Amino acid sequence: MGALGGMRRNVEVKARVRALAEARGAAERLLRAGPGEPGPGEPGTGEGHAQGTGDGHAQGTGPGQLLVQADTFFRVPRGRLKLRRTQDGRGELIFYERPDTAGPKLSSFTITPTADPDGLEAVLAQALGVLGIVRKERLLYLVGQTRVHLDRVEGLGDFLELEVVLRPEQSVQDGERVARELLRELGVGEHDLISGAYLDLLLAKGQPGTGAEPPQCHPQAGQGQQS
């Protein structure tokens, strides 16, 4: 799912999760919500596909697809540039810009796939320098037009991230309304919201995230699919 050309737009928000099992249960309850088609700017029931910021080929309507990701961030004069590696050996180069503020905000991004992540990383590291690496396991749920991520980040802990994939006719305010409604349904309060990227949190702890070991898997709930 690459964006070859123009920028795409999401409305994104991150929050800390104190009980991962509860967050998983809340996400799966949303998938089992009553019938009915979502209206413009409204969350749906997890049917259909949504495209977001570089999650490989995790598609479908089943609950909790498991993704293992390692994001290498490079030094750039503006925005963020990262090379994402997935468990299938492929990679995606992702450039994005978004405010470092808590709460729902616009993220503009471009993605291009690569079949040679090792070679691309070597060139970018030599040319730009590496800021750090974020390793995580992600459970992906598709709720209407929103990608609901439950992330276990090596060195940081558990988080919830929402990506509301804006349709061409939708405004940023439409996406913010969708995000805030989902946060409410998931039981996430304003005090749980965080700003910035996972890399910022690692760097603030003095952990550049360059260790070689992958994160441990989420406990199996008997409902997830390993992609």
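The values are calculated or read from the model by the stated rules, or taken from the named source; none is laboratory data. The structure displayed is predicted, hence computed values, not measured ones. Note: ideal-geometry Cβ built from the backbone for every residue, glycine included; neighbour counts use all protein chains shown.
What to note about this one:
- Tally, over the stretch 66-80, of residues that are without any contact (Cβ under 8 Å) to a residue 60 or more places away in the chain, surrounded by fewer than 19 Cβ atoms within 10 Å (Cβ to Cβ) and of a type outside the set (D, E, K, R): 3
- Cross-chain or 6+ apart pairs with Cβ under 8 Å, the stretch 148-163 first and free of Cβ contacts under 8 Å to residues at least 12 places away in the same chain, then among the aromatic types (Phe, Trp, Tyr) and surrounded by fewer than 20 Cβ atoms within 10 Å (Cβ to Cβ): none
- Among the criteria (1) modelled with pLDDT under 80; (2) closer than 24 Å to residue 98 by Cβ; (3) surrounded by 18 or more Cβ atoms within 10 Å (Cβ to Cβ), the one residue 40 does not fulfil is (3).
- Unmet requirement for residue 191, which otherwise passes all of (1) closer than 24 Å to residue 20 by Cβ; (2) within 19 Å of the chain's Cα centre (by Cα): (2)
- Index of the failed condition, residue 76 passing every other in (1) modelled with pLDDT of 95 or more; (2) hydrophobic (A, V, I, L, M, F, W, C); (3) not in a loop (DSSP other than H, G, I, E, B): (3)
- Residues located in the stretch 81-113, provided they are touching a Pro at 6+ places or on another chain (Cβ under 6 Å) and within 18 Å of residue 164 (Cα to Cα): 105
- When residues of the stretch 92-105 are limited to those that are in contact with an Asp or Glu (Cβ under 9 Å, 6 or more places away or on another chain) and assigned to a loop (DSSP other than H, G, I, E, B), the one surrounded by the fewest Cβ atoms within 10 Å (Cβ to Cβ): 100
- Criterion: touching a Pro at 6+ places or on another chain (Cβ under 6 Å) and at pLDDT 95 or above - qualifying residue of 176, 161: 176
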